[in-house]
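As structure tokens, the structure follows; a few thoughts come after it.
Nothing in this text is a laboratory measurement; each read-out follows from the coordinates by a stated rule. Nothing here was measured: the structure is a model prediction, and the numbers come from that model. Cβ placement follows ideal geometry from the backbone for every residue including glycine, while neighbour counts extend to all protein chains displayed.
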Amino acid sequence: MTHMLLGLDIGGTSTQGLVAEYTAGQWNVVARANGPSANVQNVSAQAAVAALDQVASHLGLSPLPAGTALHVVAGSGGVDTPEDAEQLRARIAQALGVVPGQKGLDITVVHDTRLILAAGGQDTGIAVIAGTGSVAWGRTADGQESRSGGWGHLLGDEGSSWWVAREAVRRSLRRHDMGLPADDLDCAVLQARGLDARDHLIADFHSHAERTEWAGLARLVDQNATVGHQDSQELLLQAATHLVTAAKTVVTQLGVTGPVVVGGGLISHSAQVRSAFRDLADDAGLTDVVVLEQDPVMGTLHLAGQPPRN
């Protein structure tokens, strides 16, 4: 029987997948694929299954090849309860065209912060995600766990790309109410949304409040900050402050100060957020801060361990 691993990182913007074979005593990646988000905080359950099916098909796993023992490790935001995990396992099985619990199939579901720490080669420490959403999570050597944030964009996600984008929109509206002329950031936001006036942002946001789409505006804030726009720089500093605060909450709960592994699109793409996070983390006494240089989905290899003997 051939042992294969399907690794999934189900983010707010996209789903990253890989297939690995267990040879020579380790998992070796043989294929990778990307697809739409399969996170039900962002899309319907039906759309989530379709996204998982798309990724699995590109990886040659839908349908599942005969004679294959498949080990699935999936990390996703929104996995907050055992019921959440069970529902995601069912969606993955549906996408693969198999029955949950059937022989030769096991599906492990974790919160996506676990992938960050594992991709950094760590089993203990603190993981921080700064992507479309935000969350901090930690684990001690004796298995204690703690989390801060990760409540979704309607309740939190401070310091995330979506939060940065929303705050840029709120800033534009405040400036409009104060009678201030549109500046470079205001104009960039309007151009990105195809609007002529700042007060049109209100209806646009409420009628098209799809967080993945809006989160893309964070890059405009970063671009303006890079060329010296003071409010953009301050906004990114606030984002980094929220992220460090989340990490500090985990520190308080667990009593560990590091290593701290940070990943996600915002911190990966924004040198300003990375620099501010490092400085603030150092001031807060956090140690061994590492910005993840590989995709979090690679953490599934670490979490998978060795497959059972045939």
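Quick notes
- The length gained on full extension between Asp80 and Phe205, counted as 0.36 nm times the residue separation minus their Cα-Cα distance, comes to 42.2 nm.
- Mean projected area (nm²) of the alpha-carbon convex hull when the stretch 220-260 is viewed from all directions: 3.3
- For the chain, the average shadow cast by the Cα convex hull is 16.8 nm², which is a quarter of the hull's surface.
- Highest average packing first - 48-58, 257-267, Cβ atoms within 10 Å: 257-267, 48-58
- Whole-Å distance, taken between Cα centres, linking the stretch 150-166 and the stretch 179-194: 21
- Legend: Rg and Dmax of the stretch 134-182, from Cα coordinates, 17.0, 57 Å.
- Percentage relative contact order, the chain, counting C-alpha pairs under 8 Å, at least six apart: 20
- Kirkwood Rh and Cα Rg combined as Rg over Rh, evaluated for the stretch 109-199: 1.19
- Span per principal axis, largest first, for the Cα atoms of the stretch 1-72 (Å): 39, 21, 15
- Under-5 Å amide H pairs with Val289, H placed in peptide plane, nonlocal only: Val260
- When the P(r) is computed for the stretch 1-142, the part past 28 Å accounts for 15% of the Cα-Cα pairs.
- Relative contact order, percent, the stretch 1-78 [alpha-carbon distance under 8 Å, six or more residues apart]: 39
- The stretch 121-293, Rg to Rh (Cα coordinates; Rh as Kirkwood inverse mean 1/r): 1.03
- Most tightly packed first, judged by the mean number of other beta-carbon atoms within 10 Å of their residues, the peptides 187-198, 213-224 read 213-224, 187-198.
- Summing charges over neighbours of Gln253, with a neighbour being any other residue whose Cβ is under 12 Å away from its Cβ, gives +2 when K and R count +1 and D and E count -1.
- Between Asp196 and Asp183, the contour length at 0.36 nm per residue exceeds the alpha carbon distance by 3.3 nm.
- Counted charge near Glu213, where neighbours are those whose Cβ lies closer than 11 Å (Asp, Glu -1; Lys, Arg +1): 0
- Once the C-beta distance of Ala66 and Val99 is scaled by a Förster radius of 25 Å, the resulting FRET efficiency is 0.95 to the nearest 0.05.
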